[in-house]
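Since the structure comes first, as structure tokens, the remarks are kept for the end.
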Amino acid sequence: MHPHLYGRRQVMRFRFMMRRCGRHADLLVVPTESVAREIVELGIAGYDRIRVVPWGVRELPEPPLGTVLGPLPDDVPVLLCVATLERRKNVAALIRAFQTASHSVPHHLVVAGGVGSEAEDVFAAVRSNGAAHRIHLVGHAGEAVLAALYRRADVVVCPSLYEGFGLTLLEAMASGCPVLATDIPAHREVGGGAVRFVRPDDEGDLADGLVELVADARARAELRDKGLARSRLFTWLETRQHFDALFAGSEPRSACAQAR
């Protein structure tokens, strides 16, 4: 969908894989209806061979008391982004937007995620950032640290340019975090009315969204309650039941469709 975000070899490999799947698979099982539409639009397969089976959300453990969060000071408020450092995740744009927002909010920005193929874009955005002392790239976070970060964050930011599902968005909602996310089809489908959306190609809109949501405690509380309720629609037990019904020959409706 966005070949400009990847290297030539990656694009060629994935195009080959998708064409092969389209020719040989009995069924293509995808996590959102938005991906199903894209497969049809790209000519890979028709709707008759596509089934939507949404993913679930894991329950993170309670973080141990005194969980160490690296260089993050104990007394500062936190904005959190959980994303691999690659162009599709749009982390560099978030870092630039945070510089603008940092003049109006006291928060530090924490980015938890492994190093992807285009991490240099992110590192360069940090090096040139006037608020670099308030940006923390903590790398891949284990479950205990991730749970502690979710519980500490005032807002979780999901700035991706493209997702097939949006598992981080769902995980944040299930952890009771208000979410600010880019308005892309998968985010809209999974998050519904429980997420505050901003334009994916507008760093100014992202910065404004951060400032507005941080300043509005009532909106954050409302998003928190809606997110918890919405996340309960997505469980791995439900995912398994969809597969059971699929192999039994019945046609389950997706959780995304049920939630509308």
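Look at region 23-36 and say how many of its residues are in contact (Cβ under 8 Å) with a residue 60 or more places away in the chain, in a loop (DSSP other than H, G, I, E, B) and not aliphatic (A, V, I, L, M).
2
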Give me the pairs: first residue in region 58-74 and farther than 28 Å from THR235 by Cα and open to solvent by 70 Å² or more (accessible area, probe 1.4 Å), second residue modelled with pLDDT of 75 or more and of a type in the set (D, E, K, R), beta-carbon distance under 9 Å, and six or more apart or on different chains, which are they? none
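Are any residues in region 4-17 open to solvent by less than 90 Å² (accessible area, probe 1.4 Å) and either modelled with pLDDT of 90 or more or outside any helix (DSSP H, G or I) (or both), and if so, which ones?
Residues of region 4-17 that are open to solvent by less than 90 Å² (accessible area, probe 1.4 Å), as a first pass: 5-7, 10-11, 17.
Scanning region 4-17 gives TYR6, GLY7, VAL11, MET17.
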Out of all the residues in region 148-164, is one or more of a type in the set (Val, Ile, Thr) and more than 17 Å from LEU206 (Cβ to Cβ)? no
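Checking the conditions here, which among GLU222, GLU212 is closer than 25 Å to VAL122 by Cα, of a type in the set (Asp, Glu) and modelled with pLDDT of 95 or more?
GLU212
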Looking for whichever is surrounded by 15 or more Cβ atoms within 10 Å (Cβ to Cβ), of a type outside the set (Ser, Thr, Tyr), part of a helix (DSSP H, G or I) and in contact (Cβ under 8 Å) with a residue 40 or more places away in the chain here; the options are LEU237, LEU228. Which one fits? LEU228
Looking only at residues in region 178-189 that are in contact with a Ser or Thr (Cβ under 7 Å, 6 or more places away or on another chain) and aliphatic (A, V, I, L, M), which one is surrounded by the fewest Cβ atoms within 10 Å (Cβ to Cβ)? ILE184
Please work out which one of (1) within 28 Å of GLY191 (Cβ to Cβ); (2) open to solvent by 30 Å² or more (accessible area, probe 1.4 Å) is the condition ALA45 fails and give its number. (2)
Picking from PHE165, PHE197, the residue that is over 20 Å from VAL78 (Cβ atoms), among the aromatic types (Phe, Trp, Tyr) and either in a helix (DSSP H, G or I) or open to solvent by 10 Å² or more (accessible area, probe 1.4 Å) (or both) would be PHE197
Here is a list: ILE95, ILE39. Which entry is open to solvent by less than 30 Å² (accessible area, probe 1.4 Å), under 21 Å from LEU5 (Cβ atoms), free of Cβ contacts under 8 Å to residues at least 24 places away in the same chain and not in a loop (DSSP other than H, G, I, E, B)? ILE39
Qualifying position, being within 21 Å of TYR6 (Cβ to Cβ) and open to solvent by 10 Å² or more (accessible area, probe 1.4 Å), among SER34, SER117: SER117
The conditions are (1) in a helix (DSSP H, G or I); (2) farther than 23 Å from GLU62 by Cβ, and ALA181 fails exactly one of them. Which is it? (1)
Among residues belonging to region 137-155 that are in a strand (DSSP E or B) and open to solvent by less than 20 Å² (accessible area, probe 1.4 Å), point out the one that is modelled with the lowest pLDDT. ALA153
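The values are calculated or read from the model by the stated rules, or taken from the named source; none is laboratory data. Keep in mind it's a predicted model, so treat the numbers as computed, not measured. For neighbour counting, all protein chains shown are included, and Cβ atoms are generated from backbone atoms with ideal geometry for every residue, glycine included. Note: areas computed on protein heavy atoms with side chains; ligands, DNA, RNA excluded. Shrake-Rupley method; radii C 1.70, N 1.55, O 1.52, S 1.80 Å.
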